Amino acid sequence: MRKPVMAGNWKMYKTPAETVVFFEKFRPAAGHPSHCEVVICPPFTSLAAAVEAAKGTAIQVGAQNIAWAKEGAFTGEISGPMIQATGASHAIIGHSERRQYFSETDETVLKRTQAALEFGLTPIVCVGERLEEREGGRTEAVLISQFQKGIAGLTEQQFDRIVIAYEPVWAIGTGKTATPEIAADAHRAIRTQVRGKFGKAAGDAIRILYGGSVKPDNVKSLMAQPEIDGTLVGGASLDPASFASIVNF
């Protein structure tokens, strides 16, 4: 059985002080879930506060991005060793907002994924199609392309350590959610690519999360799909009660 991962992506919200307040409310509300892994990804400036606030729990903390270089003249970037030094364990890579607003490409996704692995972090690698691509019947072609250019360059040993997140761009922050069936179809397409590249065992083992307007009222139907191994939650992860409800689906 694949253990679900319920991840929260806070995007550009919450100061360190607000992070502490969130954890004070979230910890008792979430309890001690053993059925899944919980990962919270605050902004870089709140990573240390989140790690400290999560001490004594099984909650893990991740960054929302990672530089592909260990150090150097990369103004505004944050490296693997810097993230590692905060005590964080994960890094989101290739989120659609990074692709849309900051020119992230499948090639840079691969480089950032390799950097995260080099420094002992678990990459949550995002793939997903835009609305015009879905309406044009190109969902599978887009997912195949993103997989081939952004993930297939990993070695088998590297691939074993990643998590994939399918996030249909048209469903992020729009209130539109892919139906559980639509999401499961996309997850199957991704898993087929994994099996073709890394073998059946890798395809059976890889955890593929769904991200796109996940809320307490739709998480059960999504998680009822055997293909869906967890969620990457945006807005609903900012509220402690809401995210606790999602974690304890």
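Assorted remarks:
- Lys/Arg +1, Asp/Glu -1 at C-beta; the chain dipole; positive extreme among Val125, Gly94, Gln60: Gln60
- The count of lysine pairs in region 1-142 whose Cα atoms are under 27 Å apart, excluding pairs fewer than 8 places apart on the same chain, comes to 14.
- Sequence ranges 86-92, 123-129, ranked by mean other-Cβ count within 10 angstrom, highest first: 123-129, 86-92
- Cut-off 15 Å between beta-carbons: net charge of the residues surrounding Glu156, Lys and Arg +1, Asp and Glu -1: +2
- Note on the chain: helix-only mean residue ellipticity at 222 nm, from DSSP H runs of 4+ residues weighted -39500 (n - 2.57) and normalised by residue number, equals -12000 deg cm²/dmol.
- Close amide-amide hydrogen proximity is noted between Ala165 and Val125, Cys126, Val127, Leu209, each under 5 Å apart and 5 or more residues distant or on a separate chain (H modeled in the peptide plane; Pro and chain starts excluded).
- Pair-distance distribution of the chain: all C-alpha pairs, bin width 10 Å, starting at 0; shares per bin in whole percent are 8, 34, 38, 18, 2.
- In Å, descending, principal axis extents of the Cα set of region 1-102: 43, 35, 24
- Net length available on complete extension from Ala69 to Ala141 is 22.9 nm, with 0.36 nm assigned per residue and the Cα-Cα distance removed.
- Proximal aspartates and glutamates relative to Lys200, as straight alpha-carbon distance under 16 Å, when same-chain residues fewer than 8 apart are discounted: Glu156, Asp160, Glu227
- Assigned charges on the beta-carbon of Lys, Arg, Asp, Glu; the chain dipole about Cα centre (debye): 300 debye
- Residue order, fewest to most surrounding Cβ atoms within 10 angstrom, among Met223, Met12, Met6, Met1: Met1, Met12, Met223, Met6
- Screening the chain for DSSP H helices whose Cα atoms reach 15 Å or more along their own axis and whose mean Kyte hydropathy is at least -1.0 gives 16-30, 106-118, 139-150, 180-198.
- Using R0 = 45 Å, the C-beta based FRET efficiency linking Val21 and Glu156 works out to 0.60.
- Kirkwood hydrodynamic radius of region 49-124, Cα pairs, Å: 12.7 Å
- Dividing the radius of gyration of the alpha carbons in region 82-199 by their Kirkwood radius gives 0.97 for Rg/Rh.
Bear in mind that the values in this text are calculations on the coordinates, not laboratory data. Small disclaimer: the values here were computed from a predicted structure and weren't measured. Note: ideal-geometry Cβ built from the backbone for every residue, glycine included; neighbour counts use all protein chains shown.
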